[in-house]
Amino acid sequence: MPGLRALRRLVPFLRPYAGRMALGLVLVVASASFGSVIPWLLREGVDELTAGAPTARVLRVAGLMLGASVAGGALRFFMRQVLNAVSRHVEYDIRDALFARLVTLDAPFYARWRTGEIMARATNDLSAVRMAAGPAIMYLVNTVAGGAFALAFMLRIDARLTGLAVLPMVALPFITVRLGRAIHDRFEAVQEHFGEMTTRAQENLAGVRVVRAYRQEASESARFAALGAEYLTRNMALARLNGVMNPSFSLIAGLGAVVVIGVGGGLVLRGAITVGAFVAFGIYLAMLTWPLIALGWVTNLFQRGAASMARLGELLDARPDVSSPERPIALPPAARGGRRLTFRDVGFHFPQVGTGDAGLGTREGRPSPESRVPSSEPRWVLRHVSFDLPAGATLGVVGAVGSGKTALIDLVPRLYDPQEGEVLLDGVPLRDLDLAALRREIGYVPQESLLFSETIGRNIGYGLEGGREEPTSVVRVEETTSGATEPGTGDAIRWAADVAQLGETVAELPAGYETILGERGVNLSGGQKQRAALARALARRPRVVLLDDALSAVDTHTEAAILRGLRTALEGRTTVIASHRISAIRDASWILVLDDGRVVEQGRHEELLARDGRYAALLRRQQLADAIESDEEDAEDEAAAAGA
Ligand SMILES: Nc1ncnc2c1ncn2[C@@H]1O[C@H](COP(=O)(O)OP(=O)(O)OP(=O)(O)O)[C@@H](O)[C@H]1O
């Protein structure tokens, strides 16, 4: 059937359950065989009644019919148990595989795919695939087996009558193929739109504060209603096909029934077949009708499953652009606890969406025809960036908004790879290192800190050695001294929290390090979140620490205290601090001033000041802004004092 090729991808997921699947299918065939014996027994019963046979014989037939019904029913029960369980297991395995894939995918992938789209595939499409993997297979086999048994008995009763009754069924394959293709396409359209709706809902829920602050509730509701209306329209288009399919199949079966009554009635009158055979034949034909209708439904399920499996396949097939080399080079032992970081004439631009850049396709991940045309000149975010930072040194990166500070930092853990030049750690190009080994060296505090809905202790201890085995045993900070947890883990968390100036805040939380954060727990302020993210990066005692404007939400006083603490704590480690505030980087061993992705000045604080160029101008502007701010604060304080 057209469009079903995507279902081949289900085979590896079904393979582990082949035994159970086979058992389930044997049960399907067995239950269908019992079901088809019943009309045959009925034929016998009717004929014996018509012939005036003794009651005992009639009762014997009735007993056999009852037995066949019970046996068929019991087998049907077990077949459902077995096959539905298989489909649930398959669904579980695909979901697992999907999640495992999603967590390995990198920044370029998530720049192309919207969260709502991924969620839609992981839920709705997965359900459609489960229906194809379980119920559809079950009904297909049931249909074929039930139909074959019914046909065999019909042929035994009268071959010519059977031929006439099933004649209208020659139209069946045409209807199935034509409607099947249309169902596939329309279902795909429905699912695609569902992705749009999920994205909209997800963005609105995540940004509900913005929606409310800008009083956009009504217009957002209207936009969602419009999406809903389109979803309804597409579903109605699909429903219309179902509306055509089922009656078409019933019509074919109905035509068969007309033949049976017309021709079969004549045969009974002429004595060619018995009344019992006529009754049984009618029931067999009805038994064929159900499979015919079921066949329409099965076609539908397979087509939906195939469309959804293809959509899931796009996610399962996605590969990160950045990966480990086949033969990674090991890093040499670290000197003084840090690593030397070198940028050699680095040029970088973000992958261009829809241009096939870095092997990318369209946002949906499908390579589009346009993806193969040569891209327009990329917008370089970094160009000709070179520096050589000795192990244990601190690099400060300053520059205006959008000058490329984040991009520079992102290249160190290989969130992206540069298109020009190379980045090296202790003289080894990053591309030659094992990705996990590289990232173990690095503590990265991104601009936007993300904390999980977990205890603050587990948030800080995230990714600590052993954390993968049993999360609950890892970061119960209070228990470390009793030896109940891995030695040193709790200490590392407490130490990191203290360096990040978070220790006191944690002590004031209702359950200390065991306080749950997030939706179900306590919410931290922006600055506290940043400090928790900093503590998380420090707890692993990385050799290279990257801070991307990581203290922007912290006041200058706390920032100074944190930086002082960091200097001692990170003694010997290599640090890169990107900041729009000069106060955060003035003590760095080397400072880069970025402008539109190029290094326009570099040197130590004093040297840069003496040069009286961009850096000095930036500092003067910031000092002026700080002075105005503190004057305003003083004025406010005075006004408040006068008011009191
Ligand atoms: N995922 C992305 N795809 C395409 N362009 C991007 C992407 N992220 C950032 N950019 C662009 O790259 C440029 C550099 O961005 P970057 O985030 O490195 O600047 P920044 O110096 O860190 O700015 P800020 O101080 O605001 O954090 C900006 O012009 C930005 O618009």
Practice item. Assess whether Met169 counts as being modelled with pLDDT of 90 or more, assigned by TED's automatic domain parsing to the domain that holds Val26, open to solvent by 10 Å² or more (accessible area, probe 1.4 Å) and among the aliphatic types (A, V, I, L, M). Key: no
Review point. When you scan region 560-581, how many residues do you find that are in contact with a Lys or Arg (Cβ under 9 Å, 6 or more places away or on another chain) and within 16 Å of the ligand (Cβ to nearest atom)?
Key: 3
**Study point:** Those residues of region 561-584 which are modelled with pLDDT under 85, closer than 22 Å to Ala497 by Cβ and of a type outside the set (Gly, Ala, Ser), in sequence order
**Key:** Ile562, Leu563, Arg564, Leu566, Arg567, Thr568, Leu570, Glu571
Check your understanding: closer than 30 Å to Phe77 by Cα and in a helix (DSSP H, G or I), is that true of Thr143?
Key -> yes
Check your understanding: Which ones in region 377-401 are at pLDDT below 90, within 14 Å of the ligand (Cβ to nearest atom) and open to solvent by 50 Å² or more (accessible area, probe 1.4 Å)?
Key -> Arg379, Ala400, Val401
Check your understanding: In region 402-443, what residues are away from the ligand (no atom under 16 Å from the Cβ), touching a residue at least 60 places away in the same chain (Cβ under 8 Å) and open to solvent by 20 Å² or more (accessible area, probe 1.4 Å)?
Key -> Gly421, Glu422, Asp426, Gly427, Arg431, Asp432, Asp434, Leu435, Ala436, Ala437, Arg440, Glu441
Check your understanding: Restricting region 582-601 to residues that are within 16 Å of the ligand (Cβ to nearest atom) and surrounded by fewer than 18 Cβ atoms within 10 Å (Cβ to Cβ), which is farthest from Pro390 (Cα to Cα)?
Key -> Asp596
Study note, to complete from the structure: When region 324-358 is checked residue by residue, the ones that are within 16 Å of the ligand (Cβ to nearest atom) and either modelled with pLDDT under 90 or out of contact with any Asp or Glu (no Cβ under 7 Å at 6 or more places or on another chain) (or both) are Phe343, Phe348, His349, Phe350, Pro351, Gln352, Val353, Gly354, Thr355, Gly356, Asp357, Ala358
**Study point:** Answer from Gly163, Gly146, Gly207 - the residue that is closer than 21 Å to Leu251 by Cβ and either of a type in the set (Ser, Thr, Tyr) or surrounded by fewer than 18 Cβ atoms within 10 Å (Cβ to Cβ) (or both)
**Key:** Gly163
Check your understanding: Consider Glu478 against the criteria (1) modelled with pLDDT under 90; (2) assigned to a helix (DSSP H, G or I); (3) within 16 Å of the ligand (Cβ to nearest atom): it satisfies all of them except one. Which criterion is unmet?
Key -> (3)
Revision key, fill the gap. Apart from one, (1) modelled with pLDDT under 90; (2) away from the ligand (no atom under 16 Å from the Cβ); (3) open to solvent by less than 60 Å² (accessible area, probe 1.4 Å) all hold for Leu312; the odd one out is (1)
Review point. When both residues are 6+ apart or on different chains and their Cβ atoms are under 6 Å apart, which pairs have a first residue that lies in region 569-581 and is over 17 Å from Ala535 (Cβ atoms), and a second that is basic (Lys, Arg) and within 10 Å of the ligand (Cβ to nearest atom)?
Key: Ala578/Lys405
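The values are calculated or read from the model by the stated rules, or taken from the named source; none is laboratory data. The model shown is predicted, which means the values in this text are computed figures rather than measured ones. For neighbour counting, all protein chains shown are included, and Cβ atoms are generated from backbone atoms with ideal geometry for every residue, glycine included. What goes into the accessible areas is simple: the full protein's heavy atoms, side chains included, and nothing from ligands, DNA or RNA. Shrake-Rupley method; radii C 1.70, N 1.55, O 1.52, S 1.80 Å.
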